[in-house]
Amino acid sequence: MKAAKYRKPPSGLGRPWAVAFAFAALIGCGAGDGGSTDIESGDMRLTVQLASVVVGQNRMMIEVADLAGAMIEGVGLAVDPQMATHGHGSTEVPLVSERGGGHYEAFPVTFQMPGAWEITVSATAGALSAKKTIHVTVR
């Protein structure tokens with residue numbers, strides 16, 4: 001069987017096209033600033049902020065309020081980082097600490113590799129429940 005010979009791509013489809021495509025894909029992924037599309041549902045409003053978005057351990061701040069905006073204390077929270085494209089979660093389970101006045105801190109939120117991650121925050125307080133998923137790009 002004869003080996004296939006390399007053929008030059010048709011005019012206009014060479015390296016400049018590949019560079020432009022890669023640049024467009026990078027812009028679409030975001031800059032790794034820790035926030036992007038939020039998906040939220042439930043009886044409470046969850047505000048989630050990451051102090052950093054880097055490979056390794058990160059700190060997450062969470063505020064919990066009812067739908068009228070009153071802060072809620074004593075909420076049970078779970079934080080679940082997942083790298084859906086690779087089919088795995090984080091190597092560590094974040095521990096959530098209450099800071100008072102409806103403010104909570106999750107640490108460590110660990111990303112063991114760069115790429116697209118989803119972090120789902122689940123909250124329960126009596127009969128109330130809520131869930132929020134944020135998407136981040138770890139660089």
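The values are calculated or read from the model by the stated rules, or taken from the named source; none is laboratory data. Just so you know, these numbers come straight off a predicted model, no measurement behind them. With ideal geometry, Cβ positions are generated from the backbone for all residues, glycine too; neighbour counts draw on all protein chains shown.
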Give just the number: which of (1) at pLDDT below 95; (2) loosely packed, with under 15 Cβ neighbours inside 10 Å; (3) part of a strand (DSSP E or B); (4) of a type outside the set (A, V, I, L, M) does residue 40 not satisfy? (2)
When you go through 120, 124 one by one, which is the residue that is surrounded by fewer than 19 Cβ atoms within 10 Å (Cβ to Cβ), touching an Asp or Glu at 6+ places or on another chain (Cβ under 6 Å) and touching a residue at least 12 places away in the same chain (Cβ under 8 Å)? 120
Among the residues of segment 19-26, is there at least one that is more than 14 Å from the chain's Cα centre (by Cα) and at pLDDT 50 or above? no
